[in-house]
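The values are calculated or read from the model by the stated rules, or taken from the named source; none is laboratory data. On a predicted model such as this, the values are computed, not experimentally measured, just so you know. Here Cβ is always computed from backbone atoms with ideal geometry, including for glycine, and neighbour counts include all displayed protein chains.
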Amino acid sequence: MTEEMPVILNDKYLADFVRKDELDGIAPCIMAAAEILEKKSGQGNDFLGWLDLPTIYPKTEEYARIKETALKIQKQCDVLIVIGIGGSYLGARAALEFLKTPQYNELKKETPNIYFVGNNISADHLTNIFSLCEGKEVCVNVISKSGTTTEPAIAFRIFKEYMENRYGKEEAVKRIYCTTDKAKGTLKSLADDLGYETFVVPDDVGGRFSVLTAVGLLPLAVAGVDLDALMNGALKAYEDAKESDLQKNHCYRYAAYRNILYRKGKTVEVSCSYEPCFAMMCEWIKQLYGESEGKDGKGIYPTSAIFSTDLHSLGQYIQDGSRILFETVYHIQKTHSDVVIQHIADNFDGLNFLAGKHLQEVNDNAFMGTMLSHVEGGVPNMVLELPDVSEATLGYLIYFLEKACAISGYLLGVNPFDQPGVEGYKKNMFALLGKPGYEDLAETLTKKLS
Ligand code: PA5
C-alpha cells in the first residue's frame, strides 16, 4: 500500500456554502468529540470495540479460523446462504458488491454463489432462493448478535429444516455456521446443543459497526476476498484518523462539514456514486448514519442515489426542489474494467465525437457536469475520492466512515451506539401476530386498526 491516504475529501465545491472560519470554529468541538471517543468516556462507551478492531482482530485465533473455515465452505458448497438483517447483513453484501460487482453470482468463478436471506419477510424472496439452490450443494451462515431477531430467525427456522431434510441431521450440522453472541441467545444455545461451528459478534461491537468482524469477514472470505488487504486498509485509516490537524484529517473534516451543513438547514445527505457497485455501500452508509444519528428529534436524514441512472428520476428534485439537501459523492477513479467507444462509419447516432473515449472518461464528465450544476442549484457537494475498488480502499473507507459517524453523533449530542427507535415496530408486530405476553397491546392496536 502507498503512504498516501486512499480516501481523500475534496471540499473545493463547498466553498460557496461553508466559510473557512466556520470550519475553524467547529474544530475544537471535533477534537473534543474525538477525545471523548478515544478516552471512551462518552455515551455508549460500552460499544466501542470497533475502534481498535484493525489492530487487534487480525491477530486473533478467530480471524485465522475464519480464513480456514472459508476455504472449507468453498469446497463444501456451490451456494452459501447468508441469513441476517441490518448490521448482520448490509456490510457483507455491500463489501461483496463493491469488490466483486453486483453481478458476482452470475459471473464465472471458483467461489460459491452467495445469497442473502432473512433481511425481509417475503415469501417470494425465500421461494426464489430455494429454487436457486436446486441441484447445488448448500451451506448456511446464520448471523444474529442477539440470536432472536424475527426476520433472520424465521428464515433460519425454514433453512434449518431444509438442510436437515436434504442432508440429514448429522451432515446439516457440518454445513451450518453461526455468527452470534459468545455466550447468550437462542442461536448460541442451539449451536452449542447441536454442535454448529460458531463465530463471535463481540459484546462491545454493535451490528452496524461489525462488518470487520466474523459478521462480514466470513462471507467475504468465502467469496475470495483478501481479508488481510481489507484489514490493512482499515489499519491505515485507523492511523490516519489520529491526525490532530483538521486540514490533514479528512475523516474529521467530513464530520465537521456534515455538522456545519446540518446547522444551516441541510438536513438530508444524498450519498451518491457513478458506479452501481456502490449501491449497497450506500445502503450500509444509510444504516450506519441513520441508526447512529437519527434520535432525540435530531439527525441528518441519509438517502442515496446512483448516477447517472438516478439523474433521470431524482435529478429534477436535486437540481430544483426543496433546498434541504447536500451531496456526498463517492468518486471511484478506477474500476475493474474499461470500455472504449468505437468510431462508426455512418455515425447513425451522431456519437462519433465520443469515439476513442473511455467510458470512465464519459462517466467522469457526467460527474463533473452534474456536480457543477447541482452546486449552482444550491446543493453543497463534498467528494470522497476513492482510487479504486480494491480491498485496501474499502477497508480504509469502512473505518473512515465509522469513525466520522461516531464523531458526528457526539457532535449532535446523541448516543451514536444505540437504536431504541427500532423496537417500536417489533412490539406492534409481535402483538398483532399474537405473541404471548403482548395481549394488552394487541387489544389496543386492534381497536386502532378497526
Ligand atoms: O445495527 C444494529 O444493531 C442492528 O441493525 C442489528 O444489526 C439488526 O437489528 C440485527 O440484529 P441481530 O444481529 O441481533 O439479529
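Any chance the range 234-249 includes a residue that's among the basic types (K, R), over 21 Å from A392 (Cα atoms) and touching a Phe, Trp or Tyr at 6+ places or on another chain (Cβ under 8 Å)?
No.
Taking the range 269-305 as the region of interest, how many residues are surrounded by fewer than 18 Cβ atoms within 10 Å (Cβ to Cβ) and assigned to a strand (DSSP E or B)?
Of the residues in that region, 2 qualify.
What are the pairs with Cβ atoms under 7 angstrom where one residue, in the range 283-300, is more than 13 Å from the ligand (Cβ to nearest atom) and the other, located anywhere, is of a type in the set (D, E)? Sequence gap at least six, or different chains.
G299/E293; I300/E269; I300/E293
Only one residue in A255, A229 is under 28 Å from Y104 (Cα atoms), of a type in the set (A, V, I, L, M), more than 14 Å from the ligand (Cβ to nearest atom) and assigned to a helix (DSSP H, G or I), so which one is that?
Answer to the selection: A229.
Any idea which of (1) away from the ligand (no atom under 16 Å from the Cβ); (2) touching a residue at least 24 places away in the same chain (Cβ under 8 Å) is the one R263 doesn't satisfy?
(2)
Any chance you could count how many residues in the range 47-71 are surrounded by fewer than 17 Cβ atoms within 10 Å (Cβ to Cβ) and either within 14 Å of the ligand (Cβ to nearest atom) or of a type in the set (K, R) (or both)?
3
Is at least one residue of the range 125-141 basic (K, R) and either out of contact with any strand residue (DSSP E or B) (no Cβ under 8 Å at 6 or more places or on another chain) or within 30 Å of N259 (Cβ to Cβ) (or both)?
The answer is no; no qualifying residue exists.
Here are some conditions: (1) in contact with a Leu (Cβ under 8 Å, 6 or more places away or on another chain); (2) of a type outside the set (F, W, Y); (3) at positive phi. N347 meets all but one. Which one does it not meet?
(1)
If I344 meets every condition in (1) in contact (Cβ under 8 Å) with a residue 24 or more places away in the chain; (2) β-branched (V, I, T); (3) assigned to a loop (DSSP other than H, G, I, E, B) apart from one, which number is that one?
The single condition I344 does not satisfy is (1).
Scan the range 211-226 and give yes if some residue there is in contact (Cβ under 8 Å) with a residue 24 or more places away in the chain and over 29 Å from T101 (Cα atoms), otherwise no.
no
Would you be able to say whether some residue in the range 173-185 is in contact with a Ser or Thr (Cβ under 6 Å, 6 or more places away or on another chain) and over 15 Å from I83 (Cα atoms)?
Within the range 173-185, one or more residues are in contact with a Ser or Thr (Cβ under 6 Å, 6 or more places away or on another chain) and over 15 Å from I83 (Cα atoms).
Do you know which of the residues in the range 306-341 that are hydroxyl-bearing (S, T, Y) and assigned to a strand (DSSP E or B) is nearest to F98 (Cα to Cα)?
Among those that are hydroxyl-bearing (S, T, Y) and assigned to a strand (DSSP E or B), it is Y330.
Residues checked against (1) within 14 Å of the ligand (Cβ to nearest atom); (2) surrounded by fewer than 17 Cβ atoms within 10 Å (Cβ to Cβ); (3) closer than 23 Å to N120 by Cα; (4) of a type in the set (V, I, T):
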site: E161; (1), (2), (3), (4): no, yes, yes, no
site: G185; (1), (2), (3), (4): yes, no, yes, no
site: S189; (1), (2), (3), (4): no, yes, no, no
site: G206; (1), (2), (3), (4): yes, no, yes, no
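Checking the conditions here, which among S337, S308, S313, S304 is modelled with pLDDT of 95 or more and under 26 Å from K357 (Cα atoms)? Spell out the reasoning first.
Values: S337 fails: modelled with pLDDT of 95 or more; S313 fails: under 26 Å from K357 (Cα atoms); S304 fails: under 26 Å from K357 (Cα atoms).
Going through S337, S308, S313, S304 in turn, just one is modelled with pLDDT of 95 or more and under 26 Å from K357 (Cα atoms): S308.
Would you check which residues across the range 134-157 are more than 9 Å from the ligand (Cβ to nearest atom), surrounded by 19 or more Cβ atoms within 10 Å (Cβ to Cβ) and not aromatic (F, W, Y) and list them?
V138, C139, V140, N141, V142, A155 - these are the residues of the range 134-157 that are more than 9 Å from the ligand (Cβ to nearest atom), surrounded by 19 or more Cβ atoms within 10 Å (Cβ to Cβ) and not aromatic (F, W, Y).
Those residues that are among the basic types (K, R) and farther than 23 Å from I285 by Cβ, I need them from the range 92-121; list them, please.
Hits for the range 92-121 are K108, K109.
Considering only the range 99-144, state which residues are under 20 Å from S88 (Cβ atoms), out of contact with any Asp or Glu (no Cβ under 7 Å at 6 or more places or on another chain) and among the aliphatic types (A, V, I, L, M).
Answer for the range 99-144, where residues must be under 20 Å from S88 (Cβ atoms), out of contact with any Asp or Glu (no Cβ under 7 Å at 6 or more places or on another chain) and among the aliphatic types (A, V, I, L, M): I114, V117, L126, I129, V138, V140, V142, I143.
Which residue out of V389, V375 is among the β-branched types (V, I, T) and in a loop (DSSP other than H, G, I, E, B)?
It is V389.
Quick check on this structure: which one of G378, G434, G356 is farther than 30 Å from F209 by Cβ, at pLDDT below 95 and either among the polar types (S, T, N, Q) or away from the ligand (no atom under 16 Å from the Cβ) (or both)?
G434
Suppose we keep only residues that are closer than 22 Å to V140 by Cβ and surrounded by 24 or more Cβ atoms within 10 Å (Cβ to Cβ) within the range 94-109. Which one would you say is nearest to the ligand (Cβ to nearest atom)?
Applying the filter and picking the extreme gives A94.
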